[in-house]
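Below is one structure, written out as structure tokens; the observations come after it.
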Amino acid sequence: MVKLNDNFFNLKESYLFSTTARKIREYAAANPDKPVIRMGIGDVTIPLAEPVADALAAAGKGMATREGFHGYGDEQGEGFLQEAIRAYYRAETGVELKKNEIFVSDGAKSDVANFTDLFSNDNVIVIPDPVYPVYMDSNMMLGRKITLIDGNEENGFLPMPYEGLKGDIVYLCSPNNPTGAVYDREQLKTWVDFALENGMLIMFDAAYEAFVSDKSLPRSIFEIEGAKKCAVEFCSLSKTAGFTGTRCGYTVVPEDIVIDSRSLNKMWLRRQTTKFNGTSYIVQKGAEAVFTPEGMARCKENVAYYKENARIMAKTLNDLGIWFTGGVNSPYIWLKCGMDSWEFFDMLLNEIQVAGTPGSGFGKCGEGYFRLTAFNTHENTREAMARLTRLLANK
Ligand code: PLP
């Protein structure tokens, strides 16, 4: 008889986005004359940069020719894209990587979740709260023991290691989803030193690194001395280049990580060659175009557009005297709403027709907080902030 993985039944149902979507839908149906401004979306809205679309189209067309046709590719990614990613790291962060340390994939979500394959189930997993839910759920599916480390106003939603913290693997996400908070160099150095001293592995999610423009802040954990011995980095073109629907990401597994005299890089290669047949050649040609000077310039313009929205939101909250994190080196703003986060959601929707995301949906420490995103137009963002100002200035 089939035996199911009962760990699935320990997962919390995620009602967050389905509930916010339903509430918005119901409100819109009942109030067709009051359009809702959606500031809750975590998906990009600006179309692909033209050089990227051209490269995708050319590769697609090429597939219908003998010369341009490609069958199975290298599971680790096409060499041209690994080299382009290598050059990107060097130019943007000064980090030198080896080609075989870079694994191209269909996105960071699958890599983050699939990487759990490499570890025994008796590891203790350390996860910040609140955070991107995939870290928690992918480990819960395996029945692993999880220790949460709290984000709060005191630590600026950037939990740090503390004496007595026990764990084998820690997930860090910087810039953070949902809080927009970014670890500085000193804080990451503290994490790296702690990991090295305690035999821990850091799973570093850098999906939003392209939003960091403050040069003093790290965009890659490998900017920190010692990180190549204790950290794996997940990155994505989803937010960097608008690839949420096109799908391409990459994971860096340094050769220097050796656990129990085994190479993690070799294990991940073995895992990928067994369970993954490579990212679409067409998509990899599109991704290559992201890293050309023209493609990169266009992608940076798009990121700058979103960041202007974040700046508008941050200014409004500063003017209103509302405590928040993010909004400067991130597309997310995490504000203290001073009430139950669902109540705040309902208030914004019903009174000013602005939709965001209740913080409690990202973890227990998210209660009392609210996420706004910068993935809208300047016009809508300005209008939403004008409405918020009218509402909250009168409270
Ligand atoms: N990591 C974080 C922190 C995210 O917020 C997201 C998407 O929202 C992802 C990873 C997923 O990235 P991808 O689209 O490459 O799967």
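Taking each DSSP H run with n ≥ 4 as -39500 (n - 2.57) and averaging over every residue of the chain yields -11500 deg cm²/dmol at 222 nm. Principal semi-axes of the equivalent ellipsoid, √(5λ) from the alpha carbon gyration tensor of segment 103-209, are 20, 17, 13 Å from largest down. Taking a cut-off of 20 Å, what percent of all Cα-Cα pairs in segment 285-395 are separated by more than that? Tail of the P(r) past 20 Å holds 44 percent of the pairs. The antiparallel fraction among DSSP beta bridges confined to the chain stands at about 50%. Distance from the Cα centre of segment 320-364 to that of segment 129-173, in angstrom? With segment 320-364 and segment 129-173 each reduced to a Cα centre, they are spaced 22 Å. Exactly which GluC sites (Glu not before Pro) in segment 1-77 are in a DSSP loop and have at most 11 other Cβ atoms within 10 Å? Hits after loop and neighbour filter: 13, 67. Of the Cα atoms belonging to segment 50-293, the radius of gyration and Dmax stand at 18.0, 62 Å. Each Cα pair under 8 Å and six or more residues apart adds its sequence gap; the mean of these over the residue count of segment 84-239 is a relative contact order of 21 percent. Scoring 319-329, 89-99 by mean Cβ neighbours within 10 Å over their residues and listing the highest first yields 319-329, 89-99.
Given 10 °C and 1.306 mPa s, how large is the Stokes-Einstein diffusion coefficient of segment 31-159 in µm²/s, with Rh as the Kirkwood radius over Cα pairs? Reported coefficient: 82 µm²/s. Translational diffusion of segment 81-149, estimated by Stokes-Einstein from the Kirkwood radius over alpha carbon pairs at 4 °C in a medium of 1.567 mPa s, is 92 µm² per second.
No value in this document is a laboratory result; all are computed from the given coordinates. Predicted model only: the values in this text are computed from it and were never measured. Cβ atoms come from the backbone with ideal geometry, glycine included; neighbour counts cover every protein chain shown.
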